[in-house]
1. Keeping every protein chain in place, order D82, D33 by accessible area at 1.4 Å, biggest value first, i.e. largest first.
2. What are the residues whose amide H is under 5 Å from the amide H of Y109, where those residues sit 5 or more places off or on another chain and H is modelled from the backbone?
3. What ranking do 87-93, 200-206 get when scored by the average of other Cβ atoms within 10 Å per residue, highest first?
4. Which entry in [x] 7, 29, 31, 21, 10, 2, 0; [y] 7, 30, 30, 18, 12, 3, 0; [z] 8, 31, 34, 17, 7, 3, 1, 0 is this structure's computed P(r) over Cα pairs in 10 Å bins from 0, in percent?
5. Using amide H atoms built 1.01 Å from N in the peptide plane, name the residues 5+ places from V128, or on other chains, whose amide H lies under 5 Å from its own.
6. Round to the nearest 0.05 the FRET efficiency obtained for A79 and A31 when R0 = 30 Å and r is the Cβ-Cβ distance.
7. Of the heavy-atom accessible surface of the chain (probe 1.4 angstrom), what whole percent is carbon and sulfur?
8. For the chain, what is the relative contact order in percent, using Cα pairs closer than 8 Å and at least 6 residues apart in sequence?
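The values are calculated or read from the model by the stated rules, or taken from the named source; none is laboratory data. Quantities reported herein were computed from a predicted structural model and do not represent experimental measurements. In this analysis, Cβ positions are derived from the backbone assuming ideal geometry, glycine residues included, and neighbour counts consider all displayed protein chains. Note: areas computed on protein heavy atoms with side chains; ligands, DNA, RNA excluded. Shrake-Rupley method; radii C 1.70, N 1.55, O 1.52, S 1.80 Å.
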Amino acid sequence: MSDSDSRLIGVGVGPGDPELVTVKGVNALRAADVVVVPVMDTGERGRAEATVLHYVPAERVVRVVFALNERTDRARREAAWDAAGERVAELLREHGTVAFATIGDPNVYSTFTYLAQTIEELVPGVGVETVPGITAMQDLAARSGAVLTEGTEPLTLVPVTAGAAVLKDALAGPGTVVAYKFGRLAHEVAAALRETGRTGDAVWGSALGLPEESIRGAAELGDGPLPYLSTLIAPARREGGRGGKL
């Protein structure tokens, strides 16, 4: 098989609830020759794998170790990335179509972005496609009743891995602010909300759609750490009643 015949498809499988995979996403997973799911080197089953197994038989699912939890040793992380890229490149050479399942959306802070860049170097001519997925902020908004945007309001998405100062700057601005990956900095996030007067309507959630789901008002944010994949929505300050921002 020539490289130009191979396709790598990044499929967003949502935040954890198997019912939030799109019909197109399910079709892409089922049509692929193999489905790659990322696992940490600790080996436990991740959300992407658990979701995929609702739709694809286990014998067509290939677990590939990624350094998803390595944030301090850059050399080790990059070596793991190279090994993962080589493994997926092998699969592409053996099979026509490889799907890569990623939680959320493959174009929003996703592992798939880095993998695709690596594969395009290792497998010249490979076709790369993505299938969008439901994001955690959409799911949290639906489950909590928080409205993400109205009228002309902007929406700012901040990964708190960039630091709590970046989040505080966003909270001081207009519109709704969504924070991802803030579990380890929950104390700093709570402080930023208080200092900007945004605690009241804000909501956070983790493990959305899973048995251990937790959704609470941000006023309940304590000093202890939360799950890494926690999501925060701080809705825009809204005045003037219905249609006030139109």
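1. Greatest to least solvent exposure: D82, D33.
2. Here nothing satisfies the definition.
3. Answer by packing, highest mean first, reads 200-206, 87-93.
4. [x]
5. Amide H to amide H, under 5 Å and 5 or more residues apart or across chains, V128 pairs with L8.
6. The computed FRET efficiency comes out at 0.40.
7. Accessible surface attributable to carbon and sulfur in the chain totals 51 percent.
8. 22 percent
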